[in-house]
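For reference, the structure discussed in these notes is given below.
The values are calculated or read from the model by the stated rules, or taken from the named source; none is laboratory data. Here the structure is a predicted model, which means the values were calculated and not measured. Virtual Cβ from ideal backbone geometry, glycine too; neighbours counted across all protein chains shown. The protein model used for the area step is the full one, side chains on, heavy atoms only, and it has no ligands, DNA or RNA in it. Shrake-Rupley method; radii C 1.70, N 1.55, O 1.52, S 1.80 Å.
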Amino acid sequence: MTIKLVVGECALNIVSAYAPHAGLDEEVKRRFWEGLDEIVRQVPPTERLFIGGDFNGHIGSSAGGYSEVHGGFGFGERNGGGTSLLDFAEAFGLVIANSSFPKKEEHLVTFQNAVATTQINYLLLMRCDRGLCKDCKVIPGEILTTQYRLLVMDVGIMLKKRKRFDRGRLRIKWGALTKDKAQELEGRLSAMGAWRNSGDASIMCSTTTDCIREVAREVLRISTGVSSRHK
(Lines give C-alpha, C1' and ligand atoms only; values in the text may rest on other atoms or scores of the structure.)
Protein backbone atom coordinates (compact mmCIF):
# COMPACT_ATOMS: atom_id res chain seq x y z
CA MET A 1 0.00 0.00 0.00
CA THR A 2 1.36 3.44 -0.87
CA ILE A 3 0.31 7.00 -0.15
CA LYS A 4 1.86 10.31 -1.19
CA LEU A 5 1.94 13.27 1.20
CA VAL A 6 2.87 16.79 0.16
CA VAL A 7 4.46 18.82 2.98
CA GLY A 8 5.31 22.31 1.82
CA GLU A 9 7.39 21.79 -1.32
CA CYS A 10 8.37 18.25 -0.31
CA ALA A 11 6.61 15.10 -1.61
CA LEU A 12 6.77 12.05 0.67
CA ASN A 13 6.03 8.55 -0.64
CA ILE A 14 5.02 6.23 2.22
CA VAL A 15 5.00 2.49 1.48
CA SER A 16 3.51 -0.14 3.80
CA ALA A 17 4.66 -3.71 3.07
CA TYR A 18 3.92 -7.18 4.42
CA ALA A 19 6.35 -9.86 3.23
CA PRO A 20 5.36 -13.55 2.98
CA HIS A 21 6.36 -15.61 6.02
CA ALA A 22 9.15 -18.17 5.97
CA GLY A 23 6.93 -21.21 5.33
CA LEU A 24 5.46 -20.00 2.03
CA ASP A 25 6.59 -21.03 -1.45
CA GLU A 26 9.61 -19.26 -2.98
CA GLU A 27 7.47 -18.16 -5.94
CA VAL A 28 5.20 -16.21 -3.57
CA LYS A 29 8.23 -14.49 -2.06
CA ARG A 30 9.63 -13.67 -5.51
CA ARG A 31 6.36 -12.02 -6.56
CA PHE A 32 6.37 -9.93 -3.39
CA TRP A 33 9.88 -8.56 -3.98
CA GLU A 34 9.17 -7.91 -7.66
CA GLY A 35 6.03 -5.98 -6.72
CA LEU A 36 7.90 -3.90 -4.16
CA ASP A 37 10.69 -3.27 -6.70
CA GLU A 38 8.15 -1.92 -9.18
CA ILE A 39 6.63 0.43 -6.61
CA VAL A 40 10.00 1.86 -5.59
CA ARG A 41 11.12 2.33 -9.23
CA GLN A 42 8.06 4.52 -9.83
CA VAL A 43 9.09 7.06 -7.16
CA PRO A 44 10.73 10.11 -8.82
CA PRO A 45 14.31 10.77 -7.62
CA THR A 46 13.28 14.26 -6.48
CA GLU A 47 10.79 12.86 -3.94
CA ARG A 48 11.33 11.28 -0.51
CA LEU A 49 10.71 7.60 0.11
CA PHE A 50 9.88 5.85 3.39
CA ILE A 51 9.10 2.13 3.64
CA GLY A 52 7.72 0.41 6.71
CA GLY A 53 6.55 -3.12 7.12
CA ASP A 54 6.60 -6.62 8.49
CA PHE A 55 9.35 -8.22 6.38
CA ASN A 56 9.29 -11.56 8.24
CA GLY A 57 13.07 -11.67 8.32
CA HIS A 58 15.96 -11.15 10.74
CA ILE A 59 18.75 -8.80 9.63
CA GLY A 60 20.94 -9.80 12.58
CA SER A 61 22.71 -7.80 15.26
CA SER A 62 25.69 -6.73 13.10
CA ALA A 63 26.17 -5.30 9.60
CA GLY A 64 28.14 -8.29 8.31
CA GLY A 65 28.92 -7.07 4.79
CA TYR A 66 25.99 -4.65 4.54
CA SER A 67 27.54 -1.64 6.27
CA GLU A 68 25.91 0.86 3.87
CA VAL A 69 22.46 -0.57 4.64
CA HIS A 70 22.70 -1.99 8.16
CA GLY A 71 23.66 0.50 10.86
CA GLY A 72 25.17 -2.18 13.09
CA PHE A 73 22.52 -2.11 15.80
CA GLY A 74 20.16 -4.97 14.96
CA PHE A 75 18.86 -7.92 16.97
CA GLY A 76 19.31 -11.68 16.82
CA GLU A 77 20.81 -13.74 14.00
CA ARG A 78 20.35 -13.12 10.29
CA ASN A 79 18.23 -15.47 8.19
CA GLY A 80 17.16 -15.72 4.55
CA GLY A 81 14.34 -13.21 4.91
CA GLY A 82 16.69 -10.68 6.48
CA THR A 83 19.24 -11.17 3.69
CA SER A 84 16.52 -10.53 1.09
CA LEU A 85 15.64 -7.28 2.82
CA LEU A 86 19.28 -6.20 3.00
CA ASP A 87 19.80 -7.01 -0.69
CA PHE A 88 16.69 -5.02 -1.61
CA ALA A 89 17.82 -2.03 0.46
CA GLU A 90 21.30 -2.17 -1.07
CA ALA A 91 19.90 -2.29 -4.61
CA PHE A 92 17.83 0.87 -4.12
CA GLY A 93 20.21 2.88 -1.95
CA LEU A 94 18.13 2.53 1.21
CA VAL A 95 19.12 2.29 4.86
CA ILE A 96 17.30 0.42 7.65
CA ALA A 97 16.50 3.10 10.20
CA ASN A 98 15.94 0.87 13.23
CA SER A 99 19.44 -0.58 12.83
CA SER A 100 21.07 2.86 12.89
CA PHE A 101 20.73 3.77 16.57
CA PRO A 102 22.16 1.98 19.63
CA LYS A 103 19.20 0.87 21.74
CA LYS A 104 18.35 -1.43 24.59
CA GLU A 105 16.92 -4.80 23.59
CA GLU A 106 13.40 -3.75 24.54
CA HIS A 107 13.64 -0.92 22.00
CA LEU A 108 14.71 -3.29 19.21
CA VAL A 109 12.28 -6.20 19.57
CA THR A 110 9.20 -5.73 17.38
CA PHE A 111 7.51 -9.11 17.87
CA GLN A 112 7.17 -11.22 20.99
CA ASN A 113 5.10 -14.23 21.94
CA ALA A 114 5.38 -17.16 24.34
CA VAL A 115 8.12 -18.90 22.34
CA ALA A 116 9.99 -16.17 20.43
CA THR A 117 11.38 -12.65 20.77
CA THR A 118 12.36 -11.26 17.37
CA GLN A 119 12.85 -8.23 15.17
CA ILE A 120 10.85 -8.56 11.94
CA ASN A 121 9.44 -5.05 11.44
CA TYR A 122 11.61 -2.38 9.84
CA LEU A 123 11.53 1.22 8.67
CA LEU A 124 13.63 2.24 5.66
CA LEU A 125 14.52 5.52 4.00
CA MET A 126 16.87 6.66 1.24
CA ARG A 127 20.54 6.66 2.23
CA CYS A 128 20.87 10.26 1.05
CA ASP A 129 18.06 11.20 3.48
CA ARG A 130 19.41 9.40 6.55
CA GLY A 131 20.28 12.77 8.09
CA LEU A 132 16.53 13.49 8.29
CA CYS A 133 16.05 10.55 10.66
CA LYS A 134 16.59 11.77 14.22
CA ASP A 135 15.66 8.53 16.00
CA CYS A 136 14.02 5.16 15.44
CA LYS A 137 12.95 2.71 18.12
CA VAL A 138 10.24 0.44 19.46
CA ILE A 139 7.87 1.83 22.09
CA PRO A 140 7.58 -1.16 24.49
CA GLY A 141 4.45 0.09 26.24
CA GLU A 142 2.50 0.58 22.98
CA ILE A 143 1.05 -2.74 21.80
CA LEU A 144 -0.50 -2.86 18.32
CA THR A 145 -1.79 -6.39 18.81
CA THR A 146 -1.04 -8.96 21.49
CA GLN A 147 2.35 -9.72 19.89
CA TYR A 148 3.53 -6.67 17.93
CA ARG A 149 5.21 -3.54 19.33
CA LEU A 150 4.93 -0.06 17.85
CA LEU A 151 8.00 0.99 15.82
CA VAL A 152 8.46 4.76 15.50
CA MET A 153 10.80 6.89 13.39
CA ASP A 154 11.34 10.62 14.04
CA VAL A 155 11.94 12.56 10.83
CA GLY A 156 12.79 16.26 10.62
CA ILE A 157 11.96 18.10 7.38
CA MET A 158 12.79 21.79 6.99
CA LEU A 159 10.08 23.84 5.30
CA LYS A 160 10.87 27.01 3.41
CA LYS A 161 8.91 30.02 4.58
CA ARG A 162 6.83 31.62 1.88
CA LYS A 163 5.89 35.26 1.61
CA ARG A 164 2.20 35.47 2.27
CA PHE A 165 1.60 38.28 -0.20
CA ASP A 166 3.39 39.83 -3.14
CA ARG A 167 4.05 43.51 -2.68
CA GLY A 168 1.79 45.59 -4.88
CA ARG A 169 -0.75 42.82 -5.57
CA LEU A 170 -4.41 43.81 -5.47
CA ARG A 171 -6.33 42.18 -2.65
CA ILE A 172 -9.79 42.35 -1.14
CA LYS A 173 -10.13 44.25 2.16
CA TRP A 174 -11.58 41.33 4.10
CA GLY A 175 -10.72 43.15 7.33
CA ALA A 176 -13.47 45.66 6.46
CA LEU A 177 -16.15 42.98 6.75
CA THR A 178 -18.81 44.05 9.28
CA LYS A 179 -22.21 42.63 10.14
CA ASP A 180 -23.98 45.18 7.93
CA LYS A 181 -21.67 44.54 5.00
CA ALA A 182 -22.05 40.79 5.49
CA GLN A 183 -25.82 41.20 5.11
CA GLU A 184 -25.28 43.31 1.99
CA LEU A 185 -22.96 40.65 0.58
CA GLU A 186 -25.51 37.92 1.28
CA GLY A 187 -28.31 39.81 -0.45
CA ARG A 188 -26.29 40.58 -3.55
CA LEU A 189 -24.91 37.05 -3.79
CA SER A 190 -28.39 35.56 -3.58
CA ALA A 191 -29.58 37.92 -6.31
CA MET A 192 -26.69 36.86 -8.55
CA GLY A 193 -27.55 33.17 -8.09
CA ALA A 194 -24.29 32.32 -6.33
CA TRP A 195 -25.94 29.48 -4.39
CA ARG A 196 -27.52 27.60 -7.31
CA ASN A 197 -27.20 23.86 -6.62
CA SER A 198 -27.89 22.21 -9.95
CA GLY A 199 -25.62 21.01 -12.72
CA ASP A 200 -21.95 20.05 -12.67
CA ALA A 201 -20.27 20.34 -9.25
CA SER A 202 -17.10 21.94 -10.64
CA ILE A 203 -19.10 24.58 -12.51
CA MET A 204 -21.16 25.33 -9.38
CA CYS A 205 -17.99 25.78 -7.34
CA SER A 206 -16.40 28.09 -9.92
CA THR A 207 -19.58 30.14 -10.26
CA THR A 208 -19.93 30.61 -6.50
CA THR A 209 -16.24 31.56 -6.14
CA ASP A 210 -16.41 34.11 -8.96
CA CYS A 211 -19.57 35.67 -7.51
CA ILE A 212 -18.06 35.99 -4.03
CA ARG A 213 -14.93 37.67 -5.39
CA GLU A 214 -16.84 40.07 -7.63
CA VAL A 215 -19.28 41.19 -4.94
CA ALA A 216 -16.58 41.39 -2.25
CA ARG A 217 -14.49 43.70 -4.45
CA GLU A 218 -17.44 46.03 -4.89
CA VAL A 219 -18.63 46.03 -1.28
CA LEU A 220 -15.34 45.78 0.65
CA ARG A 221 -13.08 47.42 -1.96
CA ILE A 222 -9.52 46.45 -2.76
CA SER A 223 -6.10 47.66 -1.68
CA THR A 224 -2.46 47.05 -2.57
CA GLY A 225 0.64 46.25 -0.55
CA VAL A 226 1.41 43.89 2.30
CA SER A 227 -0.23 43.96 5.69
CA SER A 228 1.44 41.91 8.42
CA ARG A 229 -1.83 41.87 10.35
CA HIS A 230 -3.92 40.61 7.45
CA LYS A 231 -5.46 37.20 8.05
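Given a 10 angstrom Cα cut-off, can you work out which residue in ALA91, ALA216, ALA191 is the most mobile in a GNM of the chain?
Maximum fluctuation in the GNM of the chain, among the listed residues, is at ALA191.
Give me the percent of the accessible area of region 22-73 that comes from carbon and sulfur atoms, probe 1.4 Å, all protein chains in place.
Details: 1430 of 2840 Å².
Carbon plus sulfur share of accessible area: 50 percent.
Once every DSSP H run of n ≥ 4 in the chain is given -39500 (n - 2.57) and the sum is divided by its residues, what mean residue ellipticity at 222 nm do you get, rounded to the nearest 500 deg cm²/dmol?
Numbers: 4 runs with 62 residues, N = 231.
The helix-only estimate for the chain comes to -9000 deg cm²/dmol at 222 nm.
Name the residue farthest towards the positive end of the dipole of the chain from the options SER61, MET1, ALA91, assuming +1 on Cβ of Lys and Arg, -1 on Cβ of Asp and Glu, about the Cα centre.
Sorting the options by dipole projection puts first MET1.
With contacts defined as alpha carbon pairs under 8 Å and 6 or more residues apart, what's the relative contact order of the chain in percent? Please report the intermediate quantities before stating the final value.
Numbers: 375 pairs, mean separation 32.1, N = 231.
Once divided by the residue count of the chain, the mean separation gives 14 percent.
Kindly flag which residue pairs out of LYS134/LYS161; LYS4/LYS160; LYS103/LYS161; LYS134/LYS160 have an alpha-carbon separation exceeding 24 Å in this structure. Spell out each step's value before the answer.
Details: LYS134/LYS161 22 Å; LYS4/LYS160 20 Å; LYS103/LYS161 35 Å; LYS134/LYS160 20 Å.
Pairs exceeding 24 Å: LYS103/LYS161.
For the chain, which DSSP H helices look membrane-span-like by this rule: Cα extent along the axis of 24 Å or more and mean Kyte-Doolittle of at least 0.0? Write out the running numbers ahead of the final one.
Details: long enough: 201-220 (28 Å, 0.42).
In the chain, the long hydrophobic H runs are 201-220.
Counting DSSP beta bridges with both partners in the chain, what percentage is antiparallel, nearest 5?
Of the beta bridges lying entirely in the chain, close to 80 percent run antiparallel.
Quick one: compute the contact order of region 17-93, relative version, from alpha carbon pairs under 8 angstrom and 6+ residues apart, as a percent.
On the way: 92 pairs, mean separation 21.9, N = 77.
So the answer I get is 28 percent.
Test of understanding: in a Gaussian network model of the chain with alpha carbons linked when under 10 Å, which of LEU220, LEU86, LEU24 would top the mean-square fluctuation ranking?
Ranking LEU220, LEU86, LEU24 by mean-square fluctuation puts LEU220 first.
R0 = 35 Å: FRET efficiency of MET192 with LEU170, Cβ-based, nearest 0.05? Don't jump to the answer; show the numbers that get you there.
Values: r = 21 Å, r/R0 = 0.60.
Efficiency, from the Cβ-Cβ distance: 0.95.
Using the heavy atoms of the protein chains alone and a 1.4 angstrom probe, what is the accessible area of the chain per residue in square angstrom? Show your work: numbers first, answer last.
On the way: 14370 Å² over 231 residues.
Each residue of the chain exposes 62 Å² on average to a 1.4 Å probe.
Among GLY175, THR46, VAL152, which residue has its Cα positioned farthest towards the positive end of the charge dipole of the chain, with +1 placed on the Cβ of Lys and Arg, -1 on the Cβ of Asp and Glu, and the dipole taken about the Cα centre?
The listed residue farthest towards the positive side: GLY175.
When a/c is below 1.5 the answer is rounded, else prolate if a/b is larger than b/c, else oblate, so apply that to the chain with a ≥ b ≥ c taken from the square roots of the Cα gyration tensor eigenvalues. Present the calculation step by step, with values, prior to reporting the outcome.
Numbers: a/c = 3.03, a/b = 2.60, b/c = 1.17.
It comes out prolate by the Cα gyration axes.
Of PRO45, PRO102, PRO20, which is the most mobile in a GNM of the chain whose springs link Cα atoms less than 10 angstrom apart?
Judging by the Gaussian network model, the answer is PRO45.
Using the Kirkwood radius over Cα pairs, work out the Stokes-Einstein diffusion coefficient for region 1-134 at 4 °C and 1.567 mPa s, in µm²/s as a whole number.
Taking Rh from Cα pairs, D becomes 85 µm²/s.
Using a ≥ b ≥ c from the Cα gyration tensor of region 76-147 (square roots of the eigenvalues), is it rounded, prolate or oblate, where a/c under 1.5 gives rounded and otherwise the larger of a/b and b/c decides, a/b for prolate? Please list the in-between numbers first.
Details: a/c = 2.38, a/b = 1.40, b/c = 1.70.
It comes out oblate by the Cα gyration axes.
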